[in-house]
Amino acid sequence: MLKVEHIEVYYGDLQVLWDVSFEVRQGEIVVLLGANGAGKSTTLKTISSLLSPGPGTITLQGRRLDAVPPDKVIEYGVAHVPEGRRLFSEMTVEENLIVGALKGEAKAKREETMKWVYSLFPRLHERKKQPAGTLSGGEQQMAAIGRGLMSLPKLIMFDEPSLGLAPILVSEIFGIVKTIHEQGVTVLLVEQNVKHTLAMCDRAYILENGRVTMTGTGEEFLNNPQVREAYLGV
């Protein structure tokens, strides 16, 4: 479904990704693991066309993503829920959701999709006329995920969805990720909660210093002594 092939990314003269290749098959949950600064967020931004790779290609179901602007990437079926939520704080919850469905099929099906989002997040429906900046951290994360879903994605990418949330809300957010996946959306996940993500994913890749150094199933990684020591503290 998604194929990232031999991409290299620079911030000015500083190279941050080297020959990164991986794939996400339709219907999978795939996780990118790595320490802070390993290149995980940069990889997601490059897939979203917020950054441009030098060499290399990125395709979704055969369509080039690396050669089109970010709005086209969304139209082709990729949603990106960024680290830090990035909501429009003075706009209402409902207005933030509408921003996720401004073009094409997503715009035509906006009311139907919004009902789906509100069924996933009843609290958003209760607060739909409330400014997004007044929501709790967990509610803001729900709104960010809801906005991504409004574009009717084939693939949704999450960048640290549990960051800064209380443990009880972390479990709720992971439950929502599972529900979205069960309803037919493929998932690419960057997440600090390694044990939780490996237990739910189909496959994982480890990024170290901008390079893919290891790949395997979630179960293989959970049973790998090197991974357990480096990422699980075991």
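A few comments on the model shown:
- Enumerated helices (runs of 4 or more DSSP H) restricted to the range 193-234, each holding at least 1 residues that are among the β-branched types (Val, Ile, Thr) and on the phi < 0 side of the Ramachandran plot: 194-200, 225-231
- Positions within the range 102-118 being modelled with pLDDT under 95 and either among the polar types (S, T, N, Q) or crowded, with 18+ Cβ neighbours inside 10 Å (or both), in sequence order: Ala106
- Residue in the range 61-76 that is part of a strand (DSSP E or B) and either under 30 Å from Glu5 (Cβ atoms) or touching a Ser or Thr at 6+ places or on another chain (Cβ under 6 Å) (or both) present: yes
- Matching residues in the range 114-131 - criterion: being out of contact with any helix residue (DSSP H, G or I) (no Cβ under 7 Å at 6 or more places or on another chain) and under 17 Å from Glu95 (Cβ atoms): Lys115, Glu126, Pro131
- Residue within the range 78-89 that is among the basic types (Lys, Arg) and either part of a helix (DSSP H, G or I) or over 19 Å from the mean Cα position of the chain (by Cα) (or both) present: no
- Tally of residues being under 29 Å from Arg127 (Cα atoms) and charged (D, E, K, R) across the range 45-104: 9
- Any hit, the range 167-182, residues being in a loop (DSSP other than H, G, I, E, B) and surrounded by fewer than 22 Cβ atoms within 10 Å (Cβ to Cβ): no
- Exactly one residue out of Ala38, Ala67 is out of contact with any strand residue (DSSP E or B) (no Cβ under 8 Å at 6 or more places or on another chain), modelled with pLDDT under 95 and either more than 29 Å from Ala132 (Cβ to Cβ) or surrounded by fewer than 17 Cβ atoms within 10 Å (Cβ to Cβ) (or both): that is Ala67.
- Matching entry among Ser49, Ser41 (being under 15 Å from the mean Cα position of the chain (by Cα) and in a loop (DSSP other than H, G, I, E, B)): Ser49
The values are calculated or read from the model by the stated rules, or taken from the named source; none is laboratory data. This is a predicted model, so every value here is computed, not measured. Cβ coordinates were reconstructed from backbone atoms using ideal geometry, including for glycine residues, and neighbour counts include every protein chain displayed.
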